[in-house]
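The values are calculated or read from the model by the stated rules, or taken from the named source; none is laboratory data. Quick caveat, the model's predicted, so the values are computed rather than measured. Virtual Cβ from ideal backbone geometry, glycine too; neighbours counted across all protein chains shown. Accessible surface is based on the protein model in full, side chains and every heavy atom, while ligands, DNA and RNA are left aside. Shrake-Rupley method; radii C 1.70, N 1.55, O 1.52, S 1.80 Å.
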Amino acid sequence: MNQHHGMTLIVKNTTRLVSGFIAVFGVYVALTGHLSPGGGFAGGVILASAGILVVLAFGREFSQRLVTETQYHLYDSSAMAAMIILALLGYLAGGFFVNFMNATSPQSVGESVGRLNSGGTIPLFNLAILVKVAGGLAGVFLALAAFRAGGRSQGADAPSVALPGGAGEKED
Amino acid sequence: MGMELFILMLIAFMLAASLIAIETRDLLSSVIAMGAVGFALSVIDLLAGAPDLAITQVVVEVVSLILLVRVVTAREETQPVPSDALRTAVTLLAGGIFLAVAFFAFGGAGGGATVPPFGQPVLTSANPGVSADYLARTAEQTGASNVVMAIVLDYRAYDTLGEATVIFVSILGAYAILRRVGRRKEARA
């Protein structure tokens with residue numbers, strides 16, 4: 001398995017065809033989480049698996065040109081902050097985590113049950129969890145891939161880099 | 001009853017696969033047996049009427065299997081754990097405690113409180129019946145038609161916040177271990 005140039009042409013072409021659909025399906029599962037089975041966590045993992053597929057097929061340098069680990073971490077953190085801000089906005093209706101846009105409250109923006117913009121803050125939380133989980137998982141996978149490749153290329157001049165805990169210094 | 005039998009067969013499969021995962025010497029076989037356990041669990045979720053859980057279980061299992069296979073194929077070092085008397089004693093003790101707890105939980109001593117029968121969880125059979133209340137009032141109170149999401153993100157959103165915090169902290173920890181800045185500094189020194 002060549003780390004730097006990815007896998008074979010067949011895998012690359014299949015990834016080129018499929019990864020976009022996987023990402024769209026992840027977003028769909030998260031956005032309709034309040035209507036059908038699914039939700040932000042499952043959708044986030046599906047979206048992250050699209051990124052993981054790109055890392056596996058094209059190698060880490062190509063995927064770092066698309067999105068770097070730092071950017072993934074930024075998505076992760078900002079979605080966490082958005083979740084807490086959304087929970088704090090519940091004080092508009094009386095308390096932490098109160099669904100201030102649901103069917104019975106005066107700020108309600110929802111249509112009838114079963115439409116996409118029903119459910120008040122539930123779809124917004126799903127969206128935040130989608131970005132959070134996708135950013136976190138894909139970023140950690142990219143960091144793992146980058147770590148392994150880094151250890152291999154530095155192998156000549158820095159044979160065994162000591163890390164506390166002994167995590168992963170024996171690639172070569 | 002037929003479905004219960006199928007679930008029991010799946011549980012037997014999961015037990016066999018987890019024994020293989022523990023006992024095999026080859027790390028890759030162990031990881032794949034772990035994956036088999038997870039996929040069987042997702043089928044059980046689907047049969048028991050929990051499609052939300054089944055979707056999440058399948059997806060997480062796929063991603064974790066990819067990660068573990070990648071990690072395992074990168075390094076081949078297996079150290080078989082030598083079995084000694086203490087280890088065997090602890091295993092037997094844990095098995096005995098489990099059997100005793102299961103005996104009392106299923107009413108073996110003729111006591112009152114037991115595990116409710118399959119298909120009748122506590123929340124439906126207990127006196128206030130909060131489960132029926134969720135089913136009846138979710139649509140008018142939250143406007144969501146998926147009751148599971150309404151419970152997870154509205155009625156018990158604190159739980160979800162805690163879960164999200166756990167994921168966030170574990171990912172922060174992974175970044176801290178895997179960061180490249182510290183590695184470069186140590187390599188130069």
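In region A:17-48, the residue that is farthest from B:VAL59 (Cα to Cα) out of those that are touching a residue at least 60 places away in the same chain (Cβ under 8 Å), open to solvent by 20 Å² or more (accessible area, probe 1.4 Å) and in a helix (DSSP H, G or I) is A:LEU31. Count, please, the residues in region A:1-13 that happen to be free of Cβ contacts under 8 Å to residues at least 12 places away in the same chain and assigned to a helix (DSSP H, G or I). Number satisfying all stated conditions: 3.
For region A:1-32, filtering for residues that are modelled with pLDDT under 90 and within 11 Å of chain B (Cβ to nearest Cβ) leaves 2. For region B:80-96, filtering for residues that are farther than 22 Å from B:THR24 by Cβ and open to solvent by less than 100 Å² (accessible area, probe 1.4 Å) leaves 3.
Per this entry, B:THR56 is counted among residues that are within 8 Å of chain A (Cβ to nearest Cβ), in a helix (DSSP H, G or I) and either modelled with pLDDT of 90 or more or surrounded by fewer than 17 Cβ atoms within 10 Å (Cβ to Cβ) (or both).
Each row is one residue, and each column tells you yes or no for (1) modelled with pLDDT of 90 or more; (2) open to solvent by less than 70 Å² (accessible area, probe 1.4 Å); (3) of a type in the set (Val, Ile, Thr).
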position	(1), (2), (3)
A:TYR72	yes, yes, no
A:TYR75	yes, no, no
A:VAL98	no, yes, yes
A:SER105	no, yes, no
A:GLY110	no, yes, no
A:GLY114	no, yes, no
A:SER118	no, yes, no
A:THR121	no, yes, yes
A:ASN126	yes, yes, no
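Whether a residue is farther than 29 Å from B:VAL152 by Cα and not polar (S, T, N, Q) was assessed, and B:LEU28 passes this test.
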